Ligand SMILES: Nc1ncnc2c1ncn2[C@@H]1O[C@H](COS(=O)(=O)NC(=O)[C@@H](N)CS)[C@@H](O)[C@H]1O
Ligand SMILES: [Zn+2]
């Protein structure tokens, strides 16, 4: 590719800072690995496979996303708490299905100091087996229900598949897990539905559209009755599971003897649910909105929302700096996260630096702008350059930031819909999933589903919870069905 001045500038700029140059987003895998590094999200050099270090900037994004998660949960009757990390082997090994699903992924602590432990301790891969023995002690009567608790902890899974920062970790550093207890199966079902609605709301706030589907039975949570999953369609057309809600029925209540006394004084098994989100939420945020210049962050999640850049010449430099400081003060007072870049970097290098970090809005102020009592505002997502009056800068900035959050969602939703490719035959599905998510009629019988996965060489993602019920023909058994199913390559 011709090496124009700009590339040379960037490469030179990158060269001096010994930073990698960001590949185009069309090379998504490389783009993702590079932006995690030069966008200062996570440092992947930690000397344990699957464990990574949050850079402060990336941690700032996490902090904002998780404060949205906490707000949504706290305002819907949940309470946050904290259970121990270590789980005694006898508790962990109680629920057969659960063990089968996790036995290859559990880390074990077998020694304390130099002496072997009398009971080996599991590092929680998820906390059912830490929490439910305590729920057994806490649940006595109907009056104790529902319980709706969550915690945000690190969990450990000895993932044997390819580990990747934010996407597939061995230490899941930001595992938000909710665990609820209810009197009846239907109340637990209503809780699963609420969890899916809350997750959809959380993702809408960070401008992430999701596909919602019920996982096939052979892919549900180990020990659960059924699983509803939220998937993001990544820029390469592969899906990333960014949230799951599980109806546990009375399976764990039986194992851990969680019963309550009902009105007639009988002991009744409780029904339970659990639902989780991890730092994959940040992976989706970075992946869906980023572009060739770097991060593009929805304002609610951006550690720095606005950067003010004084355009300094010998003439009028003082007035320009004074105007920039006034703008910064008024934006800060309005609660906006703003920085000034008065460094001696060339303007082009400044734009490159702050665009890479996904700063939502750039404000440029030069001597001509002072005369006209205006500033130049440039939106990160559209690159749109507009003049705005200095005397209403807070209003002008606030309006653009809220518009940007909505516009990012609308744009991402359109890209997601363009990835959905309706198919009628397995041949069409094979073709479609090379670039996106196929839909195909399915009678929902396991034998057909398994056959389909085998034929296609990819996994059934799930049956969309919202269907228009148009009749189709199951491509395996040829029976009529009103169900369709998503099929996709997955992370
Ligand atoms: N290795 C991993 N790295 C990053 N995120 C993961 C990993 N494994 C699972 N997740 C995320 O964590 C979410 C919850 O995990 S889970 O196994 O589906 N569900 C549970 O563990 C239930 N106890 C609900 S909290 C998943 O939807 C997925 O988004
Ligand atoms: Zn069939």
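Read-outs: derived from the displayed coordinates by stated rules, not from any lab. These numbers come from a predicted model, not from an experiment. Cβ sites come from the backbone with ideal geometry, for glycine too, and all protein chains shown count toward neighbours.
Observations on the structure shown:
- Within segment 196-225, backbone nitrogen closer than 11 Å to the virtual label 7 Å beyond the Cα of residue 71 toward Cβ: 202, 205-206
- Computed from Cα atoms, the angle from the helix 280-289 axis to the main principal axis of the chain rounds to 40 degrees.
- Based on C-alpha pairs under 8 angstrom that are at least 6 apart in sequence, the chain has a relative contact order of 13 percent.
- Residue-span extension gain [residue 81 to residue 465] - 0.36 nm each, minus C-alpha spacing: 135.2 nm
- On full extension, the segment bounded by residue 110 and residue 267 gains 52.8 nm, given 0.36 nm per residue less the C-alpha separation.
- Cα centroid of segment 62-122 to Cα centroid of segment 144-159, whole Å: 7
- Cα shape, segment 50-204, gyration tensor, a/c 1.5 rule: oblate
- Under the simplified labelling scheme, the residue 161-residue 204 pair shows an inter-label distance of 2.9 nm, with each label point 7 Å from Cα along Cα→Cβ.
- Cα-based helix-to-principal-axis angle, 185-205 vs the chain, degrees rounded to 10: 10
- Here the chain is treated as a Stokes sphere of Kirkwood radius computed over C-alpha pairs; at 10 °C and 1.306 mPa s its diffusion coefficient rounds to 63 µm²/s.
- Packing rank of 447-453, 434-440, where each peptide gets the mean count of other beta carbons within 10 Å, highest leading: 434-440, 447-453
- Extending 7 Å from the Cα toward the beta-carbon at both residue 430 and residue 373 defines two label points whose distance is 7.0 nm.
- The mean of 1/r over all pairs of different alpha-carbon atoms in segment 20-117, once inverted, gives a Kirkwood hydrodynamic radius of 17.9 Å.
- Spread over its residues, the convex hull of the C-alpha atoms of segment 306-399 is 88 Å³ per residue.
- Ranked for footprinting exposure by Cβ neighbours inside 10 Å, fewest first, 199, 352, 158 give 158, 352, 199.
- Full-stretch length increase - residue 90, residue 343 - with 0.36 nm per residue and alpha-carbon distance subtracted: 85.0 nm
- Which of 81, 340, 255 has the fewest Cβ neighbours within 10 Å, and the rest in rising order: 81, 340, 255
- Scoring 84-97, 38-51 by mean Cβ neighbours within 10 Å over their residues and listing the highest first yields 84-97, 38-51.
- Global geometry of segment 112-232, whether rounded, prolate or oblate, following the gyration tensor of its Cα atoms and the 1.5 cut on a/c: oblate
- Each label point was placed 7 Å from the Cα along the Cα-to-Cβ direction; for residue 480 and residue 27 their separation is 5.3 nm.
- Percent RCO, i.e. relative contact order, over segment 420-488, from Cα pairs under 8 Å lying at least 6 residues apart: 39
- Zone residues, segment 364-403, relative to residue 319, backbone N less than 11 Å from point 7 Å out along Cα-to-Cβ: 366-374
- Only Cα pairs under 8 Å and 6+ residues apart enter the sum, and on that basis the relative contact order of segment 22-289 stands at 19 percent.
- Förster radius 56 Å - calculated FRET efficiency between residue 414 and residue 142 (Cβ-Cβ, nearest 0.05): 0.70
- Nearest-0.05 FRET efficiency for residue 446 and residue 190, computed from C-beta distance (R0 25 Å): 0.40
- Order of 477, 360, 423 - criterion: other Cβ atoms within 10 Å of each residue's Cβ, fewest first: 477, 423, 360
- Label-zone membership for segment 356-370, site residue 391, 7 angstrom Cα→C-beta point, backbone N under 18 Å: 369-370
- Principal-axis tilt of helix 347-356 within the chain, Cα atoms, nearest 10 degrees: 10
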